[in-house]
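The values are calculated or read from the model by the stated rules, or taken from the named source; none is laboratory data. Predicted model only: the values in this text are computed from it and were never measured. Every residue, glycine as well, gets a Cβ built from its backbone with ideal geometry; the counts of neighbours run over all protein chains shown.
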Amino acid sequence: MTEQQRQRQRQRRRQQQRQRPHWTADRIPDQSGRVLVVTGASSGLGLATARAFARRGGQVVMAVRDEGRGREAAAGITAAQPDARLDVRVLDLADLDSVRAFAGRLCADHPRLDVLVNNAGVMAPPRTLGPQGHEIQFATNHLGHFALTGLLLGALAKGADPRVVTVTSANHRKARLFFDDLTGARRYSPMGYYNQSKLANAVFGHELHRRLTAAGSPVRSLLAHPGYAATGLQHDGPVAPVRLLFGRLLAPLAQSPERGALPQLYAATEPGLAGGAFIGPDGRGELRGAPTRVELSAGAADPGTGQRLWELSERATEVRYALPAAA
């Protein structure tokens with residue numbers, strides 16, 4: 001497809017969006033009887049996602065790194081909705097031992113799962129290594145979610161309209177994977193390695209879609225990005241220059257977590273949505289707006305890159321998916 005054809009396609013999509021009502025969380029179908037897992041559910045996009053699922057009757061597993069903050073967030077949901085069905089569980093995605101323990105207990109208690117939203121993330125901290133020696137952003141944002149998805153895939157395959165939604169960023173389009181220096185030992189850039197982790201999310205979500213399709217699995221893999229939303233991501237961990245830029249100077253441009261969560265909610269619940277779809281905001285620059293189909297970068301969709309990252313991730317996590325490689 002030429003660039004001119006892509007531009008025409010984008011123009012048609014924008015016109016179609018203007019001609020129909022904007023999608024909101026009120027349009028989420030009834031989730032009664034469904035078990036939905038959300039990582040990073042104690043704040044920001046994860047909390048907004050958990051709240052929306054609970055409002056529609058779902059049983060929500062709130063996977064959180066800090067149990068106290070998680071229970072406080074759950075209490076806020078039940079204060080507004082006393083009948084909310086919430087299950088707060090500790091998960092440190094940077095620690096693969098924690099991921100295995102979480103997945104084992106969850107599958108024992110819930111042999112069938114319906115939705116997994118890989119939402120949790122960290123952004124632009126000083127160079128830090130996790131318990132297994134992986135750079136903390138790559139470990140938390142990608143490797144932990146890769147391992148978690150693989151360990152829960154059997155339970156998801158038993159679900160009704162089962163989906164895995166992996167949250168990436170529009171920044172994936174300007175990123176590259178540092179295959180020769182994944183830990184940043186030689187040259188570390190906080191935002192460069194954040195962007196790498198978001199590209200890894202995009203590559204993983206697309207490659208998972210290819211492999212699930214090749215296997216004839218009922219599970220669908222989808223991608224979403226929130227645009228620019230005001231969350232703790234910009235305040236809690238970044239180095240000072242990033243915190244100043246995104247947490248203060250650009251804050252007036254950000255949309256609320258509730259608005260930012262709409263693309264991942266749409267990806268998780270919209271009936272008939274095809275696997276492999278990438279959902280983001282429909283506004284200018286995909287910074288804000290209602291959820292719509294957006295384009296994945298050519299690099300993220302490259303089969304060779306997907307195969308290489310997949311094999312690397314299996315070695316790093318020691319989690320093997322029972323899926324054939326996509327043709």
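Quick one: in the stretch 201-220, of everything that is part of a helix (DSSP H, G or I), of a type outside the set (S, T, N, Q) and more than 17 Å from the chain's Cα centre (by Cα), which residue is nearest to residue 300 (Cα to Cα)?
By that ranking, first place goes to 210.
Of all residues being of a type in the set (Gly, Ala, Ser) and farther than 17 Å from residue 302 by Cα in the stretch 172-199, which is surrounded by the fewest Cβ atoms within 10 Å (Cβ to Cβ)? Just the residue, please.
185
Take the residues in the stretch 170-216 that are among the small types (Gly, Ala, Ser) and touching a Lys or Arg at 6+ places or on another chain (Cβ under 8 Å), then tell me which one is farthest from residue 276 (Cα to Cα).
Per the criteria, the residue is 184.
Of everything in the stretch 56-82, what is loosely packed, with under 13 Cβ neighbours inside 10 Å and part of a loop (DSSP other than H, G, I, E, B)? Give them in sequence order.
82
Return the total of residues in the stretch 109-161 being outside any loop (DSSP other than H, G, I, E, B) and hydroxyl-bearing (Ser, Thr, Tyr).
Going through the stretch 109-161 one residue at a time, the tally reaches 2.
Among the residues of the stretch 228-271, write down those that are of a type outside the set (Ser, Thr, Tyr), under 23 Å from residue 51 (Cα atoms), modelled with pLDDT under 95 and part of a loop (DSSP other than H, G, I, E, B).
Answer for the stretch 228-271, where residues must be of a type outside the set (Ser, Thr, Tyr), under 23 Å from residue 51 (Cα atoms), modelled with pLDDT under 95 and part of a loop (DSSP other than H, G, I, E, B): 230, 232, 254.
Please identify the pairs in which a residue from the stretch 91-109 that is farther than 15 Å from residue 39 by Cα has its Cβ atom under 6 Å from the Cβ atom of a residue that is part of a helix (DSSP H, G or I), counting only partners at least 6 apart or on another chain.
Pairs found: 107/155.
Given 192, 216, which one is in contact with a Phe, Trp or Tyr (Cβ under 9 Å, 6 or more places away or on another chain) and without any contact (Cβ under 8 Å) to a residue 24 or more places away in the chain?
192
In the stretch 59-76, is there at least one residue being closer than 30 Å to residue 284 by Cβ, of a type outside the set (S, T, N, Q) and at pLDDT 95 or above?
no
Of everything in the stretch 166-216, what is of a type in the set (Asp, Glu) and either closer than 23 Å to residue 264 by Cα or in contact with a helix residue (DSSP H, G or I) (Cβ under 7 Å, 6 or more places away or on another chain) (or both)? Give them in sequence order.
Of everything in the stretch 166-216, just one residue is of a type in the set (Asp, Glu) and either closer than 23 Å to residue 264 by Cα or in contact with a helix residue (DSSP H, G or I) (Cβ under 7 Å, 6 or more places away or on another chain) (or both), namely 207.
For the stretch 283-305: of the residues being in a helix (DSSP H, G or I), at pLDDT 95 or above and under 17 Å from the mean Cα position of the chain (by Cα), which is surrounded by the fewest Cβ atoms within 10 Å (Cβ to Cβ)?
Only one residue tops the list, namely 301.
Quickly run through the stretch 182-200 and pick out the residues that are outside any loop (DSSP other than H, G, I, E, B) and over 10 Å from residue 138 (Cβ atoms).
190, 191, 192, 195, 198, 199 - these are the residues of the stretch 182-200 that are outside any loop (DSSP other than H, G, I, E, B) and over 10 Å from residue 138 (Cβ atoms).
Which ones in the stretch 205-232 are surrounded by fewer than 21 Cβ atoms within 10 Å (Cβ to Cβ) and closer than 20 Å to residue 160 by Cα?
211, 213, 214, 215, 216, 217, 218
Tell me, which residue of the stretch 146-167 that is in contact (Cβ under 8 Å) with a residue 60 or more places away in the chain and touching a Gly at 6+ places or on another chain (Cβ under 9 Å) is nearest to residue 109 (Cα to Cα)?
Here the residue is 151.
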